[in-house]
Amino acid sequence: MTTYDAPQQTGASGTTSALTIPTRFRGDQLATMEAKYGDGTNAGPTDWTEFQEFNISFTPDYAGSTITLTEKFLTSLRDNAPVKLTFHFYSGAKITYQVTKSGTSVTGSTV
């Protein structure tokens with residue numbers, strides 16, 4: 001039997017080179033990530049869908065308790081246009097997180 005507690009994330013700041021989001025997986029595993037602007041349009045390099053590519057736009061590190069947003073993902077974002085990320089976990093849990101790029105600076109926080 002597999003058990004888990006709901007995953008948790010905290011705020012982060014970084015650059016367009018990478019943003020590392022502290023993530024307590026608590027026994028769960030990441031299934032996918034959605035990315036949308038506030039106006040409902042898709043964000044990210046795969047802008048024809050809201051679902052972004054694993055290990056291209058984001059990469060989980062279970063041992064390190066982080067999810068890293070990649071340079072490819074971050075540089076594709078519009079400046080000063082908050083992006084709502086929804087992290088989907090295999091348990092069915094979801095975490096909503098917001099990132100904003102301003103020049104080469106990126107900040108993130110839970111919503």
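The values are calculated or read from the model by the stated rules, or taken from the named source; none is laboratory data. The structure presented is a predicted model; accordingly, all values stated were derived computationally and were not measured. A quick note on method: Cβ atoms are made from the backbone with ideal geometry, for glycine too, and the neighbour counts reach across all protein chains shown.
Would you mind stating whether residue 64 is free of Cβ contacts under 8 Å to residues at least 12 places away in the same chain, on the phi > 0 side of the Ramachandran plot and out of contact with any Cys (no Cβ under 7 Å at 6 or more places or on another chain)? First the steps, then the outcome.
Details: free of Cβ contacts under 8 Å to residues at least 12 places away in the same chain: yes; on the phi > 0 side of the Ramachandran plot: no; out of contact with any Cys (no Cβ under 7 Å at 6 or more places or on another chain): yes.
Against the criterion (free of Cβ contacts under 8 Å to residues at least 12 places away in the same chain, on the phi > 0 side of the Ramachandran plot and out of contact with any Cys (no Cβ under 7 Å at 6 or more places or on another chain)), residue 64 does not qualify.
Here is a check on your reading of the model: is residue 101 modelled with pLDDT of 95 or more, part of a strand (DSSP E or B), surrounded by fewer than 20 Cβ atoms within 10 Å (Cβ to Cβ) and of a type in the set (D, E, K, R)? Lay out the reasoning, then the answer.
On the way: modelled with pLDDT of 95 or more: yes; part of a strand (DSSP E or B): yes; surrounded by fewer than 20 Cβ atoms within 10 Å (Cβ to Cβ): no; of a type in the set (D, E, K, R): yes.
So residue 101 does not fit the description; no.
Give the residue that is surrounded by the most Cβ atoms within 10 Å (Cβ to Cβ), with candidates limited to residues of the stretch 9-48 that are touching a Pro at 6+ places or on another chain (Cβ under 9 Å) and closer than 15 Å to residue 81 by Cα.
The first filter runs over the stretch 9-48 and keeps only residues touching a Pro at 6+ places or on another chain (Cβ under 9 Å), leaving 9-12, 23-30, 37-38.
Those left that are additionally closer than 15 Å to residue 81 by Cα: 37-38.
Working: 37: 17, 38: 11.
Result: 37.
Could you please tell me which pairs satisfy a Cβ distance under 7 Å, a separation of 6+ or placement on different chains, a first residue in the stretch 34-52 that is on the phi > 0 side of the Ramachandran plot, and a second residue that is at pLDDT 95 or above?
Every condition considered, the pairs that remain are 44/35; 44/52; 44/57; 44/73; 44/76.
In the list 68, 96, which residue meets the criterion of being surrounded by fewer than 16 Cβ atoms within 10 Å (Cβ to Cβ) and either touching a Lys or Arg at 6+ places or on another chain (Cβ under 7 Å) or not in a loop (DSSP other than H, G, I, E, B) (or both)?
Values: 68 fails: surrounded by fewer than 16 Cβ atoms within 10 Å (Cβ to Cβ).
Criteria check complete, one pass: 96.
Considering only residues that are of a type in the set (Ser, Thr, Tyr) and either touching a residue at least 60 places away in the same chain (Cβ under 8 Å) or touching a strand residue (DSSP E or B) at 6+ places or on another chain (Cβ under 8 Å) (or both), which ones fall in the stretch 76-111?
Taking the stretch 76-111 as the starting set, the residues that turn out to be of a type in the set (Ser, Thr, Tyr) are 76, 86, 90-91, 96-97, 100, 102, 104-105, 107, 109-110.
Hits for the stretch 76-111 are 86, 90, 91, 96, 97, 100, 102, 104, 105, 107, 109, 110.
Specify which of the listed residues (28, 61, 39) is charged (D, E, K, R) and over 18 Å from residue 91 (Cα atoms).
Working: 28 fails: over 18 Å from residue 91 (Cα atoms); 61 fails: over 18 Å from residue 91 (Cα atoms).
It is 39.
Just to check your reading of the model, which residue among 31, 35, 6 is in contact with a strand residue (DSSP E or B) (Cβ under 9 Å, 6 or more places away or on another chain) and outside any strand (DSSP E or B)? First the steps, then the outcome.
Working: 31 fails: outside any strand (DSSP E or B); 35 fails: outside any strand (DSSP E or B).
Unique residue meeting the criteria: 6.
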